[in-house]
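Notes for the one structure printed next.
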Amino acid sequence: MIEIESKYNPAIVEDKWYSAWLENKCFSSKPDNRKAFTIVIPPPNVTGVLHMGHMLNNTIQDVLVRRARMKGFNACWVPGTDHASIATEAKVVAKLKAEGIDKKDLSREEFLSHAWQWKEKHGGIILEQLKKLGASCDWDRTRFTMEDALYESVIDVFVDLYEKGLIYRGVRMVNWDPVALTALSDEEVIFKEQNSKLYYLKYKIENSDEYIIVATTRPETILGDTAVCVHPEDERYSHLKGKKVIIPIVGRSIPVIFDEYVDREFGTGALKITPAHDINDYNLGIKHKLDSIDIFNDNGSLNENGKQYAGLDRFECRKQIAKDLQAADLMHKIEDYNNKIGCSERTGAVIEPKLSLQWFLKMQDLAKPALEVVMSDEIKFHPSKFKNTYRYWMENVKDWCISRQLWWGQRIPAYHLPNREFVVAKSAEEALKKAQELFPTENYTLNDLKQDEDVLDTWFSSWLWPMSVFDGIRNPNNEEINYYYPTNDLITAPEIIFFWVARMIIAGLEYKKEVPFKNVYFTGIVRDKLGRKMSKSLGNSPDPIELIEKYGADGVRMGMLLASPAGNDLPFDESYCEQGRNFSNKIWNALRLIKSWKVEDIEQPASSALAIEWFKEKMNKTLCDLEDDFSKYRLSESLMSVYKFVWDDLCSWYLEIIKPAYQAPIDRKTYEATLDIFEDVMKILHPFMPFVSEEVYHIIKERKENDFIMQAQLPAIKEVNSTLLSEFDFIEEFITAIRSVRNEKNIAQKVALQVYFTRSEEGNIIEKYSDIVCKLCNLETLTSCEEKIEKAIAKMVRTLEFFVPLTDNVNKEEEIKKIKADIEYYEGFKNSVMKKLSNENFVSKAPEQVVAMERKKLSDAEQKIETLNEQLKAFL
RNA sequence: GGGAGUAUAGCUCAGUUGGUUUAGAGCAUCUGCCUUACAAGCAGAGGGUCAUAGGUUCGAAUCCUAUUACUCCCACCA
């Protein structure tokens, strides 16, 4: 017998085992002759700090990886971080600014060296935090999307796609972030509701005194107007065919054009066209061959086309122009107007649609096979509803703008030549060679090559992640990629289904001719009590590390899992973690109980032998249930099964049955069986709660320091013996019924009772388990009788009637009331069954089994009513 | 505007191709217990017209239609 603290202390235990696992390389994986089970982490941003979303996501991954490991797979979880070009660059720029350094004053190389310094200092924080959670990643494999090997992979892919004719350079309307000074993809733009104004401007019709009134939210863009557009069937304006109008203040004359695009109901039915600053106007401009006047600088201020407004910020300019228009009596009116404005996901700046020269990847042909593998379930989505979302996107996929005007990222391997041509190559040397082949007469040298200034979109590196972490791009047939790819499960958030999931599938099919993963599990969004998404900017997210300190990593893991069915949002509440902590403690105390027993070579009670037999069966059943739940990725339910298995079946039933009386010894046979059972239970628990299970595993049989549960195998599954389980179910019901009577009648614990049972088909079951019933109900005896006795209360379990003797007289009125209520209930029930059975259609059409079932229900109900009536008579 | 999804106990959710008592679990609540593993606990109890209205069927939480409310995705209104 050893002394153990009465409260489980996670902090000490967690640090101890995590270090031990690391020292013993428990997480490391090398290709061998076992089957591989691979997960690549969705690489968190290097700028990232662990938030609740990460906690959920990585808990799930760890559960899956640990379980796979315990099922005999060579489990490999590859960790790493993403260079997150915009987010990181913004962070570094801000940091430099705080130090009085302006990015503009730095060379590219200088800036990058600052960025790398920043990365080395802060980039590992999030991975260190994951260790606190217990993440069993193979840390020796940690990758970074900007490290040399992955950088090269990205460049290889760019060059390859370019050579396949899938990458092109073109002028397009892109989402311009005037703060970060870069183009953004559509996915990086978020629309926000905003209270703004709708301005009604007066455009004078040339050679006439008439005005046409045009509504706009952006009066400053009149500087770039090149037409006014109305609907061809709009009779209000039919007389304006061929006419020109004069832009207010600007004075420039522009044509009136006609197009069905215009919504006659909106505003005045007249639309001003600014092809350089609105995507729809841009398209109309192309269609009607309009000029395009760019009026903005990259930072959102007005350029020289802005005339007298040049240099003003766009929003300042808007105010000024509105004032000037009013002064000139060219403003018809201003209305309040609520609309949605696109903002940069990273900087929050209002997006300026802008024409610019960018690099694009053609998506249509690439998307087709990627759609197919999801629709055919070669890649399974959990939950499957996301297949719809995926299909919609893939069928309407647009070319991907892959260039960003940043420095932090993979620089586009295009080299511009003095003759305004460019070549694409993996290095400057190769580019030179190509240039010389293309233009043999020019005698170019390396100095003539100017590498493109842009870097690639971050997702252009993350889409290779499942391959590049195994160096599968540069060395497509290396041992690792062939062993670990395709990976098994991807755990991610539905919001990046297009950003990332779709593109990984495309890349996998293109470069490995194989899907990158077999299952995608979409987690819900972690929300606060008010239903808001947890985010740093709202400040409504608890600090995960503090939570771990408070409830233990196991407690927090359990908290995350309990309330997060796949695809459903998780309204987070600390009480979930509290439940997890309580569970750790429950296990801890079960351990204390077992370790407090004195073991002697005495005879094993029959009840203990029976309990062991039953419990092993229950364990087998639980293992089967888990198998089923995991196959459907129902992790929340699987944990709940384990929770009830441990708390109810193990602690409340099994341990209570075999528990010796105070200070009495336990027989060796039962004790040793219990140690085995307890170890097996810990193995089942381990994937969910790795720390407490490891600690308990080591104490229970005093295992050697380096004999880890995390390297053990789950108990084998046998065929389920349901007879034993259903017998015990009945016994549980019986015991609960007896306890309920005691509770109701306030029968003190120490008083021994006699229970008589009669009229029982289940009598032999009671007989078999009588020792257990006596023990758990604190009964003196349990005997069969034909006649009821005085001073007793009659109750029923299923169709079995039993009598609990009382020390005092029965409160007759109270009992009569209860029996009457029971009779009423069963009469109602009987009637509903009879209604069914007297329906000829039911009897003739319903399957025989169902009808037989109803007949059984009826006879059971009748028997119960009869018994209840007898009980009632006894009181009258 | 287009698409998808959800609605079951106070809360979070199960409920598999329609049929096992008149619907289950965890948490919360209530009652009684500091019963020698655990009050972070034990024992027991209460709690639901399965969103609303129709329909199909011998039979509907489950299938169909409409309505209402909410959620998400996509497009975007000048």
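Figures for the structure shown
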| item | result |
| --- | --- |
| Anchor A:Lys243: lysines whose Cα lies under 25 Å away (excluding residues fewer than 8 positions away in-chain) | A:Lys202, A:Lys204, A:Lys272, A:Lys287, A:Lys289, A:Lys333 |
| Residue-normalised accessible area of chain A, expressed per residue, 1.4 Å probe, Å² | 46 |
| Label point distance in nm, A:Asn482-A:Ala846, each placed 7 Å from Cα along Cα→Cβ | 6.3 |
| Between helix A:314-327 and chain A: long-axis angle, C-alpha atoms, 0 to 90°, nearest 10 | 60 |
| Qualifying aspartates and glutamates (Cα of each under 19 Å from Cα of A:Lys192; at least 8 residues distant if same chain) | A:Asp177, A:Asp278, A:Asp336, A:Glu345, A:Glu352, A:Glu495 |
| Other-chain or far-sequence residues with amide H under 5 Å of A:Val40's (modelled H) | A:Val78 |
| For the stretch A:510-527, Karplus couplings with θ = phi - 60° (6.51, -1.76, 1.60), whole Hz, Gly/Pro x | 6, 9, 10, 6, 8, 4, x, 7, 9, 9, 10, 9, 9, 7, x, 8, 7, 10 |
| Members of A:Lys197/A:Lys323; A:Lys618/A:Lys644; A:Lys91/A:Lys354; A:Lys426/A:Lys450; A:Lys131/A:Lys586 lying beyond 19 Å, as alpha-carbon distances in this model show | A:Lys91/A:Lys354; A:Lys131/A:Lys586 |
| Cα centroid of the stretch A:86-128 to Cα centroid of the stretch A:628-676, whole Å | 54 |
| Residue-span extension gain [A:Lys95 to A:Arg592] - 0.36 nm each, minus C-alpha spacing | 173.7 nm |
| For the stretch A:117-123, Karplus couplings with θ = phi - 60° (6.51, -1.76, 1.60), whole Hz, Gly/Pro x | 4, 4, 4, 4, 7, 10, x |
| Neighbour cut-off at most 16 other Cβ (10 Å), DSSP loop, GluC sites (Glu not before Pro), the stretch A:590-665 | A:Glu603 |
| C-alpha long axis of helix A:386-395 to longest principal axis of chain A, angle in ° | 20 |
| The stretch A:96-200: GluC sites (Glu not before Pro) falling in loop per DSSP and having at most 15 other Cβ within 10 Å | A:Glu99, A:Glu147 |
| Heavy-atom SASA rank of A:Tyr825, A:Tyr151, A:Tyr485 (probe 1.4 Å, accessible area, largest first) | A:Tyr825, A:Tyr151, A:Tyr485 |
| Exposure rank, largest accessible area first [A:Val350, A:Val833; 1.4 Å] | A:Val350, A:Val833 |
| Solvent-accessible area, 1.4 Å probe, carbon plus sulfur percent, for the stretch A:1-157 | 52 |
| Of all accessible heavy-atom area on the stretch A:277-393, the percent that carbon and sulfur account for (1.4 Å) | 47 |
| Coil-residue chymotrypsin sites (Phe, Trp or Tyr not before Pro) of the stretch A:613-693, DSSP, other Cβ within 10 Å capped at 14 | A:Tyr662 |
| Inter-label distance, nm, simple model (7 Å from Cα along the C-beta direction), A:Met834/A:Val49 | 7.1 |
| Solvent-accessible area, 1.4 Å probe, carbon plus sulfur percent, for the stretch A:516-638 | 47 |
| Exposure of A:Asp298 as accessible area (Å², to 10), given a probe of 1.4 Å and all protein chains | 80 |
| Nearest 10 degrees, 0 to 90: helix A:85-98 Cα axis against chain A principal axis | 70 |
| A:Lys644 - accessible surface, heavy atoms, 1.4 Å probe, Å² rounded to 10 | 110 |
| Nonlocal amide H pairs with A:Asp569, under 5 Å, H built at 1.01 Å | A:Ile525 |
| Estimated 222 nm signal from helices in chain A, with DSSP H stretches of n ≥ 4 weighted -39500 (n - 2.57), rounded to 500 | -13500 deg cm²/dmol |
| Extended-chain gain in nm, criterion 0.36 nm per residue less alpha-carbon gap, A:Lys104 and A:Asn283 | 61.0 nm |
| Partner lysines for A:Lys818 [C-alpha distance under 24 Å; skip if fewer than 8 residues away on the same chain] | A:Lys745, A:Lys788, A:Lys791, A:Lys795, A:Lys830, A:Lys857, A:Lys864, A:Lys873 |
| Inter-probe distance in nm under a simple model that places probes 7 Å from Cα toward Cβ, at A:Asn303 and A:Asp259 | 2.1 |
| Sequence of A:Leu446, A:Leu201 when ordered by accessible area, the most exposed leading, probe 1.4 angstrom | A:Leu446, A:Leu201 |
| Cut-off under 5 Å, modelled amide H: who pairs with A:Ile257 long-range | A:Val228, A:Cys229, A:Val230 |
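The values are calculated or read from the model by the stated rules, or taken from the named source; none is laboratory data. In this text the structure is predicted, and so the values were computed from the model without any measurement. Here Cβ is always computed from backbone atoms with ideal geometry, including for glycine, and neighbour counts include all displayed protein chains. To get the accessible areas, we keep the full protein, side chains included, count just its heavy atoms, and leave off ligands, DNA and RNA. Shrake-Rupley method; radii C 1.70, N 1.55, O 1.52, S 1.80 Å.
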